[in-house]
Amino acid sequence: MNKLLKKELALAMHPTAPIFLALSVLLIIPNYPYYVTFFYTSLAIFFTCLNGRENNDVYYTLLLPVPKRSVVASRMLFAVLLELAQLLLALPFALIRQSMPIPGNQAGMDANIAFFGLALVLLGIFNAVFFPLYYRDVTKVGKAFAIASAVEFLCIIAAEACAFVLPFFKTRLDTPDPQYLGSKLAVLFAGLAVYLLLTALSYRRSARSFEKLDI
């Protein structure tokens, strides 16, 4: 698995992935829908899979003495590393945004502890939709991404709307840190649990579909 992961990082990763990681800086923009920052992570995963289709990466990997499940596991582990890297890189920019002497985000959630928990849920939803569709037919990566990104944006709209219409979000979660720290930490850990669960279920479904796929 280590060698497959090294292959993903050294050969399969699309060149735009580091650029999209750098877009964590978007969190310092006043009045911006901050969840969109993590859409670029999804876009980097899509470009990696698309580039792999054009370069016959899947066919090359299947020529190696590895089971199909390991092929799925290495790609999804790469995606998880990319998503977690985006979250870690976003942290200092979230701190900078909170230290700026201007009002909180008027376009939706502030970049606070609860925000990162909810972002994990969004990333988990993307994984749960994209990878099972992708591994049904690795030649139709665009269709899988179109459906997954549509679902992701609907969830982004719903998450941002919650900051305006739900009292719990407005008065507790959409506030500067460290206000209501207990509630925000609960959302963070719940978001992490949901992310891990959805990604694990996505792997099981994807591996099962890929094993049935005749390439």
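The values are calculated or read from the model by the stated rules, or taken from the named source; none is laboratory data. Please read these numbers as outputs of a predicted model, since none were measured by experiment. Cβ coordinates were reconstructed from backbone atoms using ideal geometry, including for glycine residues, and neighbour counts include every protein chain displayed. Ligands, DNA and RNA are stripped out before the accessible areas are found, and what is left, the full protein with its side chains, is counted by its heavy atoms. Shrake-Rupley method; radii C 1.70, N 1.55, O 1.52, S 1.80 Å.
Quick notes on this one:
- Additional length obtainable on full extension of the chain from Ile147 to Ala10, 0.36 nm per residue less Cα span: 46.5 nm
- Screening the chain for DSSP H helices whose Cα atoms reach 18 Å or more along their own axis and whose mean Kyte hydropathy is at least 1.0 gives 68-99, 113-134, 141-165.
- Estimated FRET transfer efficiency (Leu88, Lys3; beta-carbon r; R0 25 Å; 0.05): 0.50
- Solvent exposure of the chain, expressed per residue, is 48 Å² of accessible area, with all protein chains present and a 1.4 angstrom probe.
- Kirkwood Rh (inverse of mean 1/r, distinct Cα pairs), segment 110-167, angstrom: 12.4
- Nearest-0.05 FRET efficiency for Ser99 and Leu185, computed from C-beta distance (R0 22 Å): 0.65
- Sequence-distant contacts, meaning Cα pairs under 8 Å at least 6 residues apart, place the relative contact order of the chain at 28 percent.
- What a 1.4 Å probe finds exposed on the chain is 71% carbon and sulfur by accessible area, rounded to a whole percent.
- Rounded to the nearest 20 debye, dipole of the chain from Cβ charges on Lys, Arg, Asp, Glu: 620
- When both segment 18-32 and segment 153-215 are represented by their alpha-carbon centers, they are found 19 Å apart.
- The alpha carbons of segment 93-143 give a radius of gyration and a Dmax of 16.7, 50 Å, in that order.
- Stokes-Einstein translational diffusion, the chain - Kirkwood Rh over all Cα pairs, 1.002 mPa s, 20 °C, in µm²/s: 120
- Listed by chain and number, the lysines whose alpha-carbon sits under 27 Å from that of Lys68, ignoring those within fewer than 8 places in the same chain, are Lys3, Lys6, Lys7, Lys140, Lys143, Lys212.
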